[in-house]
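Down below is the structure, laid out as structure tokens.
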Amino acid sequence: MAFFKSPSVKSGILSALVLLALQGCATLQPGPEQLQQRAEAYWKARLDGDLTNAFVYEELAGRKKQTLQQYVRANPPLYIKAKVIGARIDSPEKGVAITETEMRIPGLLSSKSLSRTIEDEWIRIDGEWYHAYIPALPGQTR
């Protein structure tokens, strides 16, 4: 037992425990890879027309503020293409998926579409990333 009483051994053991604790904390932090994976799955579901699966990634589903039926009625199939090209974390609760999109423009008789790169907002709820709800009308809240 004299081995464990040595100051250098105690210091080494303490250092190892601190490193293990810090490593455990690091895995709890949200990373851009997790956000990008969720965003890619969300956009795949949207493009496939699988709104049931896309709804799982929506903030309103995470907060239980909208039903699947309401979501399906409010989300016509406008997007033709979407490719997540990156992600960044702005805070532990907010992130952005940089996404190249192409969408149909409703009401036009021509076959024109609109292509643009968007900063698609995501929020973290209970440790999981959700596609952020952006109110369309003034006065609406999350």
For 52-59, 69-76, ranked highest to lowest by mean beta-carbon neighbours within 10 Å, the order is 52-59, 69-76
quick shape note, the stretch 34-97: Cα extents on principal axes in Å, largest first -> 31, 27, 14
Once Leu114, Leu60 are ranked on solvent-accessible area with the largest value leading and a 1.4 Å probe, the list reads Leu114, Leu60
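The values are calculated or read from the model by the stated rules, or taken from the named source; none is laboratory data. Model, not experiment: these values are computed from the prediction. In this analysis, Cβ positions are derived from the backbone assuming ideal geometry, glycine residues included, and neighbour counts consider all displayed protein chains. In case anyone asks, the SASA skips ligands and DNA or RNA and just uses the protein heavy atoms, side chains included. Shrake-Rupley method; radii C 1.70, N 1.55, O 1.52, S 1.80 Å.
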